[in-house]
Structure formats: C-alpha cells, structure tokens
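> Pasting a structure here, questions to come.
FYI, it's all coordinate maths here, none of it is from the lab. Note that the structure is a prediction, hence the values are computed from the model and not measured. Note that we place each Cβ from the backbone using ideal geometry, even for glycine, and neighbour counts take in every protein chain shown.
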Amino acid sequence: MSKKVAVLVVNPVNGSGLFQYLEAFFENKISFQTFAVSETTNVKTNSGVFFTTDDVVADLKGRENDFDALVFACGDAMPVFAQNADKQFNKDMLEVILTFGNKGKIIAGHCVGALIFDIAGVAAGKRVALHPFVKVAVKTAVATDEKSVVDDNLFTAQNENAIWTMLPQLLTVLKD
C-alpha cells in the first residue's frame, strides 16, 4: 500500500514543479492532498493559471499523522515568504515541516525547498540540492551543486527542471 502525501503549495506556485509531483503521484496511485500556504485555497501559478487546493496549511497542523510524506512545491517562495514572514500561514508551514521532520517522515522539495527546510530546522547537517541563487543563505544544511540529493528522509532537487532526477527515488519510497 502506498503512502499518503501532503503537498504544500505556495502562492504563487511554480506550476511546472507542482504538476510534475501531482502527475507522478496520480500515475503511481499515490494518495495526496494539497494544502495552500496562504489564507485561502485559491492559488495561482507563476504563469497565471489559477488552482484550487484541497485545504490550507493551517488545517494540516495537528493532522501530520494522517500523512507519511510532505512535499514542498516551490514558486516565488522566498520573496513571498520574506514579504509575509510574520503571517500565520508561514508560521504554520514552518511548524508543519518541523513536525514532519521530527517524526522522521519523508520530506521533499525543489528550488528553495531546501532553504525552507533549513529555516524550519529539519535539514541540519544534511546534504541538499537547491537553487544556486539561495545556496549562500543555507545555515545548517550542506548545500551542493548537484541536480538532486537524497539524504536520509530529505529529498531535494535544484529546480523544477531537476525534479525528474529525484522523482524515481521518491516514488520508490512512497510506493513501499
């Protein structure tokens, strides 16, 4: 029986990255639920396509045991995070990521996902792949130049064009 995945969707989200995850989960019969990192379920992609998530991140808090894995679908995450760092939905996102990490659950993401994982406190000492522009901002993780890296329960890809290098390994553990 496959594992159940919670997908965090920032607003705006990189549609290319998000839909790679969702399509791979759908095609492999991996159950997933999407959660907007925002106050509403209405998000859009960087290219302007509107998308409605299943729920918001605030409603994932306290339900972490309902899921086996967490995926962070990146978009304009860092500028939006910086502009809204004090907003409850960003605090909820970091709290949820930390809870998944403390439980040793699978955590995956691309682009600045590894930096968000670092900020949340789940990447300390782990090797990560992330967008080259944010590599210098990582404090406790070990930033690499690799297209993708799997380190224990942490799966990271440099950007949406490198997700495919990580997906086979992620799908294997999610189908176990």
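> Just for the chain, what percent of DSSP beta bridges are antiparallel, to the closest 5?
The antiparallel proportion sits near 25 percent.
> While we're looking at this one, here's another question. Amide H to amide H under 5 Å from residue 61: which residues, 5+ apart in sequence or cross-chain, H placed 1.01 Å off N in plane?
Amide H neighbours of residue 61, under 5 Å, 5+ apart: none.
> Given the Cα-Cα distance of residue 66 and residue 102 and 0.36 nm per residue of separation, how much length would full extension add, in nm?
Length gained, residue 66 through residue 102: 11.5 nm.
> Kindly state, to the nearest 0.05, the FRET efficiency for residue 147 paired with residue 87, given R0 = 35 Å and r defined as their beta-carbon distance.
0.65
> Next up: Quick check: residue separation of residue 46 and residue 33 times 0.36 nm, minus the Cα distance between them. What number comes out in nm?
2.6 nm
> Can you bin region 41-176 into rounded, prolate or oblate? Criterion: square roots of the alpha carbon gyration tensor eigenvalues sorted a ≥ b ≥ c, rounded for a/c under 1.5, prolate for a/b above b/c, oblate for the rest. Walk me through the numbers on the way to the answer.
Numbers: a/c = 1.28, a/b = 1.15, b/c = 1.12.
Note, shape of region 41-176 comes out rounded.
> Taking the Cα centre of the chain as origin, work out the dipole magnitude from +1 charges on Lys and Arg Cβ and -1 charges on Asp and Glu Cβ, in debye rounded to 20.
220 debye
> May I pose another question? If R0 is 25 Å, what FRET efficiency do you get for residue 23 and residue 139 from their C-beta distance, rounded to 0.05?
Once the sixth-power term is evaluated, E becomes 0.15.
> Still on this model: Could you tell me which residue out of 81, 36, 136 lies farthest along the dipole of the chain toward its positive end? Charges go on the beta carbon: Lys and Arg +1, Asp and Glu -1, centred on the Cα centre.
My answer, from the dipole projection, is 136.
> Another question, if that's okay. Within the chain, which DSSP H helices have Cα atoms that stretch 15 Å or more along the helix axis and a mean Kyte-Doolittle hydropathy of at least 1.0?
Helices passing the filter in the chain: 163-175.
> When the chain is treated as a GNM, springs tying every alpha-carbon pair under 10 Å, which of 52, 41, 99 comes out with the largest mean-square fluctuation?
Evaluated over the chain, the most mobile residue of the options is 52.
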